[in-house]
Structures are given as structure tokens and as C-alpha cells.
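Comments concern the structure below.
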Amino acid sequence: MVISLLFRGAAPGTLTGGGPTNCIGRRSTGPICAVLLPMAIRGFAMGLAVFSPWTVKAAMSLLFPILNDALGSTGTFGLFVAVNIVSFLFVRKFVPETKGLSLEELEARFRTEGEAARVA
């Protein structure tokens, strides 16, 4: 547990780090996240950015005791590790690199890729 907390503290986007999750679930960076979103979807996306972490936290709080009774502590945390590994692999494979691109370039890139996917 201590090792896990040490890694979590050093990881980007966590309580002590920065990173891509600053938009999601962090009240203090809400205005920053709002600036990063295109105007066409800003309201909906900010609502989703606030709603999703609270929903996940509620589900975790509800399911943890049930899972802990069924699987024990080792099984429960093993399941959490497995879910995190799958999440990491999903992001690694499907989330594009955006470093060094302006918001306008990103919007144009995603728009052309989305149109190409609809045509194919």
C-alpha cells in the first residue's frame, strides 16, 4: 500500500503532480480546463468533466465493501490494478499525442480524422 501511494504521489495528474487529469476532477483548474475546450462543446464538456469523477468516486465507495467481502483485500486491490493496467494500455493505444500542437491545430486534426472515419 505504501509503495502504491508513493507511486501515485509521483505520477502525473495526481495530488502532487500535474498532467492530463488536471481538467477532470480538480476544482482549482476548472477555469484552465474551460479555456482548453472548444466553444462549441465547452458547456457539455465541462459538465462531463465535473460529473464523471464524482460518479466514479460514488461507484467506488459503493462497490469497495462488496468487492472486499467477495474477493478479500488482495483480490480487490488486484482487480483495481488490473483495471488500471487496462486503462493505461487503452490510453497508450488510442489517445493521440498532442504535445506541441496549438488548439486550432488539434481541432483541425480531430475534425479531419473524424470526417475520414465517417467516410470509411
- Please sort 81-94, 63-76 by packing, taking for each peptide the average over its residues of neighbouring beta carbons within 10 angstrom, highest first. 63-76, 81-94
- Expected vector for the range 79-93, Karplus 3J(HN,Hα) from phi with 6.51, -1.76, 1.60 and θ = phi - 60°, integer Hz, x for Gly and Pro, equals 5, 4, 4, 4, 5, 5, 5, 4, 4, 4, 5, 4, 5, 4, 7
- Determine ³J(HN,Hα), in whole Hz, for all residues of the range 56-73 in sequence, where each value follows from phi through the Karplus function 6.51 cos²θ - 1.76 cosθ + 1.60 and θ = phi - 60°; x replaces Gly and Pro. 5, 4, 5, 5, 5, 5, 6, 7, 4, x, 5, 5, 5, 5, 7, 10, x, 4
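Computed from the coordinates by the stated procedures, all read-outs in this text should not be read as laboratory data. The model shown is predicted, which means the values in this text are computed figures rather than measured ones. Don't worry about glycine lacking a Cβ; one is built from the backbone with ideal geometry, like all the others, and counts go over all protein chains shown.
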